[in-house]
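Beneath this line is the structure, given in structure tokens, with notes to follow.
The values are calculated or read from the model by the stated rules, or taken from the named source; none is laboratory data. Keep in mind that this is a model prediction, so the values were computed, not measured. Here Cβ is always computed from backbone atoms with ideal geometry, including for glycine, and neighbour counts include all displayed protein chains.
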Amino acid sequence: MGSTDEEESECVILINEDDAENTSESSVLLIEDSEGSPSEEKSTDEVVDEEREVIVTFCKRAKVMPHARYDCPTHPFERAECEVSCALAGNARTCGQCYCYICDKLAAECPDWTAPSLCHCNAHNKSKYWKSQWDFALTGGLATFNLELSEIDADVRYGGTILQKFTHDVSVEYNKYLSGERVPSDFHPCFCYRNLGPGQCQACGLHLLNVVYRYTSVFDLVTAFLNRAEQETPKTEAIVLLGAAKEIALHKDPALYSRDFDPSSSPNQAISCLMARITRRLQRLLVLNDFPKALQSKLLLFYQAIPFPTHCYAFSKSLSFLPWDHGLLTSVLKGQNVTGQRTQKGKKECLCEIVPVIEARIERLENGQQYKELIRYLKVVKCSDAQWMQKQRDKIPFYKCKTGDFMGAAQALLSFHAKSQCTASRLTPLQFETYLKMFRTGYVPQGRNLEDSAQWTFVGDPLKLPYLLKLTFTVFYSSPLLYSSAECWSSVVMIFGSHPVLREDGHLTALTLEEPPWEFQQLVLNESCFIVEELENKISARVSFPADVFGAHLQLEASLLFVVEAIRQMFLKESRYLNSFLEIILAFRHNFWALKLLFQSLSYHQKALHTIASLTLSDLNDRKVEMLEQWQHLGPEYVEKLLHLFLTSTDANIPSIGLSIMNVITENIHLCPWAKQVGQFLQKWIQPFGWAAYDVSNFIAISQALP
């Protein structure tokens with residue numbers, strides 16, 4: 001049968017159906033062409049293969065199509081179950097149409113064709129190992145997670161893509177680590193009969209080299225990968241972290257002994273460090289995010305199947321914590337279980353969790369503003385780190401304030417936890433001030449911490465003044481740190497001398513109270529004296545504030561008088577612990593009658609007044625710039641009254657404070673355009689200033705010279 005040129009360009013290969021099913025052998029029957037003439041090549045003589053029942057009417061050398069390397073008709077292929085250290089026999093040789101079984105690209109384009117620890121040239125479809133590698137490449141690293149198609153969304157798939165590249169990179173770097181680094185020996189002697197010293201025998205030079213294994217490059221690569229993973233979405237990060245954990249868990253230490261390198265050089269230490277970081281992130285991800293239940297279950301199964309080495313076995317249980325829908329945890333959050341314990345089928349369960357898990361639960365409940373659930377959880381959860389757990393429980397009063405339960409917050413501040421003092425005893429001065437502002441105004445910081453007070457919001461009615469007084473000084477006397485802090489005492493003066501509504505900037509608005517009648521002042525001071533003593537002796541249960549004294553009439557004035565009496569008693573007993581008094585003076589603002597009353601109450605205690613003068617003079621000298629800014633803000637009327645209070649004092653110590661204030665103003669007269677008004681005010685009172693009259697006259701002269 002003849003053929004045209006077009007027919008000759010196509011090649012039809014006839015195969016036996018039985019051979020086609022047997023893929024273990026070549027499925028192509030090649031018939032060698034003869035070296036005859038072209039006319040002989042087109043011969044129509046029939047060739048009959050009786051065994052195969054095939055009649056060949058025409059033959060021509062077949063065109064080799066693209067094929068996997070193990071099917072190459074040109075170069076023989078040697079099969080092995082799992083050989084990745086080097087190319088077997090001639091497996092690295094290829095024809096122009098050989099494809100990599102793993103990468104699905106031309107062998108010439110495969111970057112791992114002969115790469116140690118990878119060796120894709122040895123891959124074939126009859127090996128379980130290489131088949132799993134093919135599956136891994138096909139699914140982008142998700143094959144071992146056993147996920148259904150419905151569970152693989154864009155984030156999960158991207159995680160598999162990142163994981164695939166990481167697995168490749170870390171395999172290459174790990175193989176370099178296994179090759180080791182040869183360094184000269186500094187302790188082995190010569191091995192030949194000459195028995196020379198180290199490095200002196202050329203014949204034994206090879207033996208005088210040690211192989212050192214440094215894991216640092218692998219550690220750095222994994223660390224960089226983890227840094228990148230933390231920038232991804234939760235699902236993507238979870239996938240890549242689990243894959244990384246499985247990969248490094250398989251790494252071994254080939255060294256027989258370890259030198260004293262840094263921790264990242266030792267696989268055991270480095271892998272433990274990396275595992276700790278990975279598990280902390282996984283714990284956080286699984287607690288903070290609501291992964292689909294099926295996906296989360298498979299992620300946990302994947303983690304449990306990781307073959308942790310002996311030195312990392314402790315991490316195998318790191319993800320074995322209660323899910324959010326667990327019965328015990330749910331009953332605690334709903335308030336149905338106040339002990340954190342239950343007996344289920346004769347087995348006792350206890351809500352005990354590790355620090356990273358508790359941290360993540362706190363963060364999630366805070367973000368959801370589930371403060372009541374958070375309080376219930378913190379009250380009962382147990383943790384091996386008791387000191388850290390105490391710090392978390394110390395925030396319970398703050399969370400109660402967030403819900404508007406200020407009375408409950410006050411009680412929580414003074415309640416005792418097992419084996420620890422009350423929360424109030426551990427407050428810092430800043431925290432103390434923040435609590436006072438919340439109790440006085442009903443506003444709370446919008447942030448997650450007490451110190452985060454940039455923005456405030458109203459949540460409920462504040463505490464009544466008599467109860468707030470009792471609470472304030474009960475807290476004071478439970479904490480030596482607060483009691484001896486001038487900053488805390490100034491906060492108390494400011495709180496009880498301010499309006500109970502915060503400004504937009506979160507600060508209090510100071511009130512100018514009228515001086516109450518003298519008889520009322522004496523009545524309040526007499527009552528306050530006994531109440532302060534009882535609070536100081538920590539018998540607050542017996543303390544009560546008489547309604548006729550601290551009732552609705554002149555309530556703010558009575559509260560400020562109570563604070564004056566408390567300061568007086570404190571200063572007589574603990575003045576040696578104070579490092580400032582100027583803070584307290586400034587806190588009275590325009591209520592000079594109360595400040596004057598404080599000095600008068602100490603008039604028979606010369607030592608105390610001398611201490612006040614010394615502390616204040618020292619503060620004025622150290623804080624000149626700050627004071628000038630304060631006086632500029634408060635105005636000349638404030639400075640006038642402040643100077644008049646000090647300069648007209650009958651005590652020998654107090655006028656020196658006024659003289660120091662005038663000196664600060666005089667030294668910075670160009671910054672005080674309001675000094676002229678102050679000088680005019682003092683000019684009216686020059687005679688009553690007694691021995692200070694000369695200094696006052698000098699100040700008046702300088703101030704009047706201002707334009």
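The single residue among S575, S544 that is surrounded by fewer than 22 Cβ atoms within 10 Å (Cβ to Cβ) and in a loop (DSSP other than H, G, I, E, B) turns out to be S544.
Is the range 540-553 home to any residue that is among the polar types (S, T, N, Q) and under 42 Å from the mean Cα position of the chain (by Cα)? So far as the range 540-553 goes, yes, one or more of its residues are among the polar types (S, T, N, Q) and under 42 Å from the mean Cα position of the chain (by Cα).
It is to be established whether one or more residues within the range 128-144 are acidic (D, E), modelled with pLDDT of 85 or more and not in a loop (DSSP other than H, G, I, E, B). No - not one qualifying residue is present in the range 128-144. Under the condition of being surrounded by 17 or more Cβ atoms within 10 Å (Cβ to Cβ) and on the phi > 0 side of the Ramachandran plot, the residues counted in the range 84-115 number 0. Going through (1) out of contact with any Pro (no Cβ under 8 Å at 6 or more places or on another chain); (2) without any contact (Cβ under 8 Å) to a residue 60 or more places away in the chain one by one, Q97 falls short only on (1). For the range 118-153, a residue qualifies if it is surrounded by fewer than 16 Cβ atoms within 10 Å (Cβ to Cβ) and polar (S, T, N, Q), and the qualifying residues are N125, S132, N146, S150. So which of L413, L430, L450, L469 is of a type outside the set (S, T, N, Q), in a helix (DSSP H, G or I) and surrounded by fewer than 23 Cβ atoms within 10 Å (Cβ to Cβ)? Result: L430 is the single residue among L413, L430, L450, L469 that is of a type outside the set (S, T, N, Q), in a helix (DSSP H, G or I) and surrounded by fewer than 23 Cβ atoms within 10 Å (Cβ to Cβ). Total residues in the range 667-705 satisfying the condition of being farther than 24 Å from D622 by Cβ, of a type in the set (A, V, I, L, M) and modelled with pLDDT under 80: the figure is 2. Taken over the range 475-501, the residue count meeting the criterion of being in a loop (DSSP other than H, G, I, E, B), surrounded by 20 or more Cβ atoms within 10 Å (Cβ to Cβ) and touching a strand residue (DSSP E or B) at 6+ places or on another chain (Cβ under 9 Å) is 1.
For the range 650-661, state whether one or more residues are charged (D, E, K, R) and either assigned by TED's automatic domain parsing to the domain that holds Q521 or buried (at least 16 other Cβ atoms within 10 Å of the Cβ) (or both). Taking every residue of the range 650-661 in turn, at least one turns out to be charged (D, E, K, R) and either assigned by TED's automatic domain parsing to the domain that holds Q521 or buried (at least 16 other Cβ atoms within 10 Å of the Cβ) (or both). Has the range 576-588 got any residue that is farther than 22 Å from M494 by Cβ, free of Cβ contacts under 8 Å to residues at least 60 places away in the same chain and not assigned by TED's automatic domain parsing to the domain that holds I657? Yes, that holds for at least one residue.
Checking H644 against (1) out of contact with any His (no Cβ under 7 Å at 6 or more places or on another chain); (2) surrounded by 17 or more Cβ atoms within 10 Å (Cβ to Cβ); (3) closer than 24 Å to L572 by Cβ; (4) not hydrophobic (A, V, I, L, M, F, W, C), which single condition isn't satisfied? In the conditions (1) out of contact with any His (no Cβ under 7 Å at 6 or more places or on another chain); (2) surrounded by 17 or more Cβ atoms within 10 Å (Cβ to Cβ); (3) closer than 24 Å to L572 by Cβ; (4) not hydrophobic (A, V, I, L, M, F, W, C), H644 misses (3) alone.
If a residue must be hydroxyl-bearing (S, T, Y) and closer than 30 Å to P267 by Cα, how many such residues does the range 309-355 contain?
5
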